[in-house]
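A.B. asks: Following this message is one structure expressed as structure tokens.
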Amino acid sequence: MRYRIQAILFVLVAFMLGCNEYMIVGVLPSIYQDLKIPLSLLGLLVTLFAMVYSICTPIISIVCNRFKRHNVLFILLTIFLLANTWTALAPNFISILLSRILSGSTAGAIISITIIMASFIAPPAKRASLISWVFAGFSIANVAGVPIGNKIAELGSWRNSFWMVTILTIFIFAALIVYAPRDTPQLNIKNDTSKKSNQGGAAFIKDKRTILTCLFIVFVCAAQFSYYTYITKILTESMGFKTELLSPLLFILGFVSIIGNKIGGYIAGRGNMKDIPWLYLFMAIALVVTGFTMQLRIFAFILIALICIVNCSYGSSVTVFLLDIASHSYPQALDLASSLNPVFSNVGIAVGSLVAAQAINFISIAQIVFISAIFAFIAFILAMTIKYLIR
């Protein structure tokens with residue numbers, strides 16, 4: 001019973017963080033109308049959040065790996081709670097920006113600790129499945145939490161959307177004080193003098209498997225967000241769907257991403273990265289076919305949905321793989337290992353969206369999927385290389 005409650009709480013943590021991260025995009029128009037901030041400046045609320053997230057997550061993981069994880073989690077949740085509440089109360093742009101920077105500095109480390117706790121409390125046969133559910137929490141936030149937050153903003157104020165996250169955070173925080181595991185294995189750096197234990201984060205980062213896996217994450221996320229950044233225009237202008245159908249179509253794409261997370265858990269349970277490569281070869285081919293069949297909108301949309309499923313299936317596999325590398329060869333780097341997926345996912349998102357933004361100056365929106373296919377094919381090559389290394 002305790003394990004089930006802990007598992008639900010870990011998924012809720014991801015859901016809470018997902019709402020905080022994604023909801024800002026949906027309420028930007030409301031912030032613009034309320035505070036009269038130029039739209040060009042509002043974009044910084046998204047960009048700086050991702051940058052701070054990527055920089056602070058590994059630093060916090062390295063600095064805090066010698067402290068009890070539950071204590072670090074409680075401190076980070078307190079800071080996150082204050083930061084999100086600050087966003088809800090922010091009177092001007094600078095205040096919102098600083099609150100978002102503070103939120104971003106803690107979010108990655110919170111999910112990192114949550115993943116490590118989940119990997120320890122789950123029975124071996126269920127570890128990959130539970131981790132996939134934690135990642136699904138972000139997808140659920142995208143599917144359910146963000147629309148709910150947007151509706152709250154429409155009915156009242158954008159601030160109420162963040163008050164919703166504050167209330168959810170208080171509830172989850174109170175439950176974690178009772179149910180967060182206190183006994184997850186942790187390396188005693190002072191007393192453990194074995195050669196294996198003395199190898200720290202630097203050695204882990206230099207491992208070929210780690211480098212290739214991080215690059216794989218970057219190219220997978222770049223493959224998705226190079227086209228997904230412009231998904232509304234692809235659906236309406238390129239495929240020809242009516243604007244009224246946009247919300248249900250986006251809901252479907254969000255829902256199938258949850259399926260992708262669960263498929264990822266199944267694949268991870270079968271042996272981490274062994275089955276992953278062929279999914280991304282399919283993704284590359286499907287993106288090319290989509291580019292040539294935009295006018296067959298139903299067929300093209302089905303392909304996009306399948307691509308979303310594939311793109312969300314890597315998370316559990318790479319996380320379990322990185323945790324296994326650390327636990328077997330670099331015990332001091334276990335907390336760092338859990339942080340790399342969220343960190344390099346954000347790097348990939350930044351790379352994909354930036355390349356796409358530059359590319360649309362030379363090609364049409366519909367042709368962006370060909371750039372995505374190149375990213376996906378590189379991800380396939382990297383996954384095959386990893387498979388060869390671990391054979």
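A.B. asks: Among (1) more than 17 Å from the chain's Cα centre (by Cα); (2) assigned to a helix (DSSP H, G or I), where does Lys274 come up short?
C.D. replies: (2)
A.B. asks: Turning to a different aspect of this structure: Every residue in segment 282-332 that is farther than 17 Å from Phe255 by Cα, open to solvent by less than 30 Å² (accessible area, probe 1.4 Å) and either among the β-branched types (Val, Ile, Thr) or part of a loop (DSSP other than H, G, I, E, B) (or both), please.
C.D. replies: Thr290, Thr293, Met294, Val318, Thr319, Val320, Ile325, Tyr330
A.B. asks: Name the residue that is most open to solvent (accessible area, probe 1.4 Å), counting only residues in segment 232-242 that are touching a residue at least 40 places away in the same chain (Cβ under 8 Å) and not in a loop (DSSP other than H, G, I, E, B).
C.D. replies: Looking at residues that are touching a residue at least 40 places away in the same chain (Cβ under 8 Å) and not in a loop (DSSP other than H, G, I, E, B), I get Glu237.
A.B. asks: OK, next. May I ask you to list the residues in segment 279-316 that are under 30 Å from Asn65 (Cβ atoms) and touching a residue at least 60 places away in the same chain (Cβ under 8 Å)? Spell out how you get there, then give the answer.
C.D. replies: Looking only at segment 279-316, we keep the residues that are under 30 Å from Asn65 (Cβ atoms), and these are 312-316.
Cys312, Tyr314, Gly315, Ser316, listed by residue number.
A.B. asks: Taking Leu245 as the residue in question, decide whether it is open to solvent by less than 30 Å² (accessible area, probe 1.4 Å) and part of a helix (DSSP H, G or I).
C.D. replies: Working: open to solvent by less than 30 Å² (accessible area, probe 1.4 Å): no; part of a helix (DSSP H, G or I): yes.
So Leu245 fails the test.
A.B. asks: Can you say whether Leu336 is open to solvent by less than 40 Å² (accessible area, probe 1.4 Å), touching a residue at least 12 places away in the same chain (Cβ under 8 Å) and out of contact with any Ser or Thr (no Cβ under 7 Å at 6 or more places or on another chain), as far as the supplied structure shows? So that I can check it myself, show each step before the final result.
C.D. replies: Details: open to solvent by less than 40 Å² (accessible area, probe 1.4 Å): yes; touching a residue at least 12 places away in the same chain (Cβ under 8 Å): yes; out of contact with any Ser or Thr (no Cβ under 7 Å at 6 or more places or on another chain): no.
Answer is no for this residue.
A.B. asks: Also: For segment 339-382, how many residues are part of a helix (DSSP H, G or I), open to solvent by 30 Å² or more (accessible area, probe 1.4 Å) and among the hydroxyl-bearing types (Ser, Thr, Tyr)? Walk me through how you get there before you give the answer.
C.D. replies: So the first thing to find is which residues in segment 339-382 are part of a helix (DSSP H, G or I), and the list is 339-359, 365-382.
With open to solvent by 30 Å² or more (accessible area, probe 1.4 Å) added as a condition, the list becomes 344, 347, 349-351, 353-355, 357-358, 365, 367, 370-371, 374, 377-378, 381.
When the remaining residues are screened for being among the hydroxyl-bearing types (Ser, Thr, Tyr), the result is 353.
Selection size over segment 339-382: 1.
A.B. asks: With the condition kept exactly as written, say whether any residue in segment 9-17 is without any contact (Cβ under 8 Å) to a residue 60 or more places away in the chain and within 20 Å of the chain's Cα centre (by Cα). Let's see the steps before the verdict.
C.D. replies: Going residue by residue through segment 9-17, those that are without any contact (Cβ under 8 Å) to a residue 60 or more places away in the chain are none.
Within segment 9-17, none of the residues are without any contact (Cβ under 8 Å) to a residue 60 or more places away in the chain and within 20 Å of the chain's Cα centre (by Cα).
A.B. asks: Filter the helices (runs of 4 or more DSSP H) completely within segment 27-116 down to those with at least 1 residues that are small (Gly, Ala, Ser) and open to solvent by 30 Å² or more (accessible area, probe 1.4 Å). So that I can check it myself, show each step before the final result.
C.D. replies: On the way: elements: 39-42, 44-63, 69-89.
The qualifying helices (runs of 4 or more DSSP H) are 39-42.
A.B. asks: With the requirement that a residue be modelled with pLDDT of 90 or more, open to solvent by less than 50 Å² (accessible area, probe 1.4 Å), of a type in the set (Gly, Ala, Ser) and assigned to a helix (DSSP H, G or I), what does segment 162-215 give you?
C.D. replies: Listed by number, the list holds a single entry, Ala175.
The values are calculated or read from the model by the stated rules, or taken from the named source; none is laboratory data. Being a predicted model, the structure only gives us computed values, none of them experimental. FYI the Cβ positions are ideal-geometry reconstructions off the backbone, even for glycines, and counts take in every protein chain you see. For the accessible areas, the whole protein counts, side chains as well, though only heavy atoms, and no ligand, DNA or RNA atoms are used. Shrake-Rupley method; radii C 1.70, N 1.55, O 1.52, S 1.80 Å.
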